[in-house]
1. Just to be sure before I move on: is Gly71 farther than 20 Å from Ile146 by Cα and buried (at least 21 other Cβ atoms within 10 Å of the Cβ) in the structure I sent?
2. Here are some conditions: (1) of a type outside the set (Phe, Trp, Tyr); (2) within 10 Å of the chain's Cα centre (by Cα); (3) more than 16 Å from Asn150 (Cβ to Cβ). Thr113 meets all but one. Which one does it not meet?
3. Looking at Val121, Val101, Val82, which is the one that is among the β-branched types (Val, Ile, Thr), closer than 16 Å to Cys43 by Cα, modelled with pLDDT of 95 or more and out of contact with any Leu (no Cβ under 9 Å at 6 or more places or on another chain)?
4. Pick from Ala137, Ala145: which is at pLDDT 95 or above, in contact with an Asp or Glu (Cβ under 8 Å, 6 or more places away or on another chain), aliphatic (A, V, I, L, M) and within 25 Å of Thr88 (Cα to Cα)?
5. Collect the residues in region 84-135 that are more than 16 Å from Leu57 (Cα to Cα), buried (at least 17 other Cβ atoms within 10 Å of the Cβ) and hydrophobic (A, V, I, L, M, F, W, C), keeping them in residue-number order.
Amino acid sequence: MSLRSTARAAELAAALAGLAVILAGCASTVSLDPAKNAASTDCASVVVRLPQTVADLPERETGAQGTGAWGDPAAVLLRCGVPSPGPTTDPCVSVNGVDWVEDDSNAPRYRFTTFGRTPAVEVILDYDTVSGSTTLADLASAVSAIPAKNQCTDVSDVPEPTSTPTPAG
């Protein structure tokens, strides 16, 4: 092999190594589907405020508007622009001034959706990896960019009737 072909082989190997690094960077992008209203200005306000770390996990690049992800593999996923939940009997928790409806039907993966904010923000997290309260606390400042119009209530929040209604008859 001549000196010239050895140099070309070395250049080709360096180029392939560089391409591998670029492709590896692309592979780390978290693929998410955008929510219906992800392009809203409210979601843009949330996304620009998303923290670089959530529950001590580093932020990841996502491939959709109005989304966020943290951890490798991603243990926290966020989508802004989902429909706002209506009245529900699901548990509702308040963390740093943000109310969240909790869905644990796929435990240990939990889904939290903001209550009283339109559009709503959905956070899916892996309880085997992160704490829900820490995750929601870390995201509260960004999510607060969407103003709250309602709050979670509980049966104990409803006043007791002062008299017994009489049946119509």
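1. yes
2. Of everything listed in (1) of a type outside the set (Phe, Trp, Tyr); (2) within 10 Å of the chain's Cα centre (by Cα); (3) more than 16 Å from Asn150 (Cβ to Cβ), Thr113 misses just condition (3).
3. So the residue among Val121, Val101, Val82 that is among the β-branched types (Val, Ile, Thr), closer than 16 Å to Cys43 by Cα, modelled with pLDDT of 95 or more and out of contact with any Leu (no Cβ under 9 Å at 6 or more places or on another chain) is Val82.
4. Ala145
5. Cys92, Val95, Val98, Trp100, Val101, Phe112, Phe115, Ala120, Val121
The values are calculated or read from the model by the stated rules, or taken from the named source; none is laboratory data. Note that the structure is a prediction, hence the values are computed from the model and not measured. When we count neighbours, we look across all protein chains shown, and the Cβ atoms used for this are built from the backbone with ideal geometry, even at glycine.
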